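This report concerns only the one structure given below.
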Amino acid sequence: MAVRLASLAVLLTSLALLDSSCGGDRNELILGATTSVQDTGLLDEIVRAFEGVTDYHIKPSIGGSGEVLAKARRGELDVIMTHSPADEDKFIADGEGLDKRPVMMNFFLIAGPEADPAGVRGAASMSEAFKRIAGGQSLFISRGDQSGTHLRELSIWGEADITPQGQPWYQESSTGQGQNLVVASDKDAYTLVDSSTFTVFEKRAGLRALLTDTEKPNIYSVIRVASDKHQNVNATGAIAFAEFITSPAGQCVIADFGMEEYGKSLFEPAARCPSANVGG
């Protein structure tokens, strides 16, 4: 705890300097964040911690990674937290974003009914599991919204050499991460979901975690929106947030989240929090 407080003291000093240069009318910070960060409850903790050590007030803008990146391209956001690596890299290559930094990670998993009619539990890989779902024409619910989860799902179908769109067993919910899981549960179907959201919604949804993709972590990154392209961007606030969320203090917020209720961190911070016992 002493290490955390010392790190926080250093952070407070640097953020105070940033605050002093931004002016009173620049204290609102628009943060674009994905639905999984909101649905798990982590976003509330991050906002509370950040606002507690700065004069900034965060205005969240929630959506799938694709939607968040589109808003950022229009200059509607100041800083973003997404989990769609290829789209993020293009966003930066196009000059729309700056200073991509890893923040945390979890894993994707296939959730489905306890009976597991497609035999996903016995699959050796995610692509093999998708082949079994398609082969048995078992109902699969896709987010269908160009979110990071949807794009990962599409890449798995591609690895399996399967085009599910238009098939009667493949349906799109066009909803956020948590609600998509509930829809799949209501229909006794399979779906792809991140491990953190699944943990939070497991009792409510009633589906089982059948296969986890441990080979390809689901990485969330923070990116500042380029202020040279969008003059209304709060560049100073974006820097303050990026510094906070990747600092020991911010990483400890992530490492601690879920420990009390679930006995484990729901997300693994990119940099280990001092004295934290990630994973329980």
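Among the residues in region 246-257, are any in a helix (DSSP H, G or I), within 24 Å of LEU69 (Cα to Cα) and either aliphatic (A, V, I, L, M) or in the same structural domain as ARG143 (by TED's automatic domain parsing) (or both)?
Narrowing region 246-257 to residues in a helix (DSSP H, G or I): 246, 248-256.
Those left that are additionally within 24 Å of LEU69 (Cα to Cα): 246, 250-251, 254.
Subsequent filtering for residues that are either aliphatic (A, V, I, L, M) or in the same structural domain as ARG143 (by TED's automatic domain parsing) (or both) retains 254.
Yes.
Within region 31-67, work out how many residues are surrounded by 23 or more Cβ atoms within 10 Å (Cβ to Cβ), in contact with a helix residue (DSSP H, G or I) (Cβ under 6 Å, 6 or more places away or on another chain), part of a loop (DSSP other than H, G, I, E, B) and not β-branched (Val, Ile, Thr).
Within region 31-67, residues that are surrounded by 23 or more Cβ atoms within 10 Å (Cβ to Cβ), in contact with a helix residue (DSSP H, G or I) (Cβ under 6 Å, 6 or more places away or on another chain), part of a loop (DSSP other than H, G, I, E, B) and not β-branched (Val, Ile, Thr) number 1.
Restrict the check to region 181-189 and report whether at least one residue is among the acidic types (Asp, Glu) and either assigned by TED's automatic domain parsing to the domain that holds LEU69 or more than 23 Å from PRO85 (Cα to Cα) (or both). Can you show your working first?
Initial filter on region 181-189 (among the acidic types (Asp, Glu)): 186, 188.
Filter again for either assigned by TED's automatic domain parsing to the domain that holds LEU69 or more than 23 Å from PRO85 (Cα to Cα) (or both), leaving 186, 188.
For region 181-189, residues among the acidic types (Asp, Glu) and either assigned by TED's automatic domain parsing to the domain that holds LEU69 or more than 23 Å from PRO85 (Cα to Cα) (or both): present.
Scan region 26-57 for residues that are out of contact with any Lys or Arg (no Cβ under 8 Å at 6 or more places or on another chain), touching a residue at least 40 places away in the same chain (Cβ under 8 Å) and over 21 Å from GLN146 (Cα atoms) and report the count. Step through it out loud before you land on a result.
Filtering region 26-57 down to residues out of contact with any Lys or Arg (no Cβ under 8 Å at 6 or more places or on another chain) leaves 26-27, 33-57.
Now drop any that are not touching a residue at least 40 places away in the same chain (Cβ under 8 Å), which leaves 26-27, 33-42, 45-46, 49-50, 53-54, 56.
Filter again for over 21 Å from GLN146 (Cα atoms), leaving 26-27, 41-42, 45-46, 49-50, 53-54, 56.
Residues that pass the stated criteria total 11.
Of the numbered conditions (1) in the same structural domain as HIS150 (by TED's automatic domain parsing); (2) in a helix (DSSP H, G or I); (3) within 16 Å of the chain's Cα centre (by Cα); (4) of a type in the set (A, V, I, L, M, F, W, C), ALA242 satisfies every one except a single condition; which is it?
(1)
Of all the residues that make up region 73-127, how many are under 23 Å from SER142 (Cβ atoms), of a type in the set (Lys, Arg) and without any contact (Cβ under 8 Å) to a residue 60 or more places away in the chain?
Total meeting the criteria: 1.
Condition check: farther than 21 Å from LEU77 by Cα, touching a strand residue (DSSP E or B) at 6+ places or on another chain (Cβ under 6 Å) and of a type in the set (A, V, I, L, M). Does ILE245 satisfy that? Steps first, answer last, please.
On the way: farther than 21 Å from LEU77 by Cα: no; touching a strand residue (DSSP E or B) at 6+ places or on another chain (Cβ under 6 Å): yes; of a type in the set (A, V, I, L, M): yes.
When the stated conditions are applied, ILE245 does not pass them.
Each row is one residue, and each column tells you yes or no for (1) modelled with pLDDT under 95; (2) surrounded by 22 or more Cβ atoms within 10 Å (Cβ to Cβ); (3) over 16 Å from the mean Cα position of the chain (by Cα); (4) not in a helix (DSSP H, G or I).
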residue: ALA184; (1), (2), (3), (4): no, yes, yes, no
residue: LEU192; (1), (2), (3), (4): no, yes, no, yes
residue: PHE198; (1), (2), (3), (4): no, yes, no, no
residue: ARG204; (1), (2), (3), (4): yes, no, yes, no
residue: THR212; (1), (2), (3), (4): no, no, yes, yes
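Among the numbered conditions (1) crowded, with 24+ Cβ neighbours inside 10 Å; (2) in the same structural domain as VAL222 (by TED's automatic domain parsing); (3) not basic (Lys, Arg), tell me where ILE133 comes up short.
All conditions pass for ILE133, except number (2).
Looking only at region 161-183, how many residues end up being without any contact (Cβ under 8 Å) to a residue 60 or more places away in the chain, of a type in the set (A, V, I, L, M, F, W, C) and over 17 Å from ALA118 (Cβ atoms)?
Adding up the residues that qualify gives 2.
Identify, please: which residue in region 1-30 is modelled with pLDDT under 50 and part of a loop (DSSP other than H, G, I, E, B) and is, among those, nearest to PRO248 (Cα to Cα)?
Top of the filtered list is MET1.
Which of the residues belonging to region 120-174 are touching a strand residue (DSSP E or B) at 6+ places or on another chain (Cβ under 7 Å), closer than 23 Å to ILE219 by Cα and part of a helix (DSSP H, G or I)?
Scanning region 120-174 gives MET126, ALA129, GLY148, THR149, HIS150, ARG152, GLU153.
Based on what the data block shows, is ILE80 within 20 Å of LEU207 (Cβ to Cβ) and of a type outside the set (D, E, K, R)?
Numbers: within 20 Å of LEU207 (Cβ to Cβ): no; of a type outside the set (D, E, K, R): yes.
No.
Condition test on VAL200, is it within 22 Å of LEU42 (Cα to Cα), free of Cβ contacts under 8 Å to residues at least 40 places away in the same chain and hydrophobic (A, V, I, L, M, F, W, C)? It would help to see each step written out before you state the result.
Values: within 22 Å of LEU42 (Cα to Cα): yes; free of Cβ contacts under 8 Å to residues at least 40 places away in the same chain: no; hydrophobic (A, V, I, L, M, F, W, C): yes.
For VAL200, the condition - within 22 Å of LEU42 (Cα to Cα), free of Cβ contacts under 8 Å to residues at least 40 places away in the same chain and hydrophobic (A, V, I, L, M, F, W, C) - is not met.
Out of all the residues in region 107-130, which are crowded, with 24+ Cβ neighbours inside 10 Å and not hydrophobic (A, V, I, L, M, F, W, C)?
Across region 107-130, the qualifying residue is only GLY112.
Name the single residue, out of those in region 256-271 being buried (at least 21 other Cβ atoms within 10 Å of the Cβ) and either over 14 Å from the mean Cα position of the chain (by Cα) or of a type in the set (Phe, Trp, Tyr) (or both), that is nearest to PHE108 (Cα to Cα).
PHE267
The values are calculated or read from the model by the stated rules, or taken from the named source; none is laboratory data. All values derive from a computational prediction rather than experimental measurement. Counting neighbours? That spans all protein chains shown, and the Cβs are built from the backbone with ideal geometry, glycine included.
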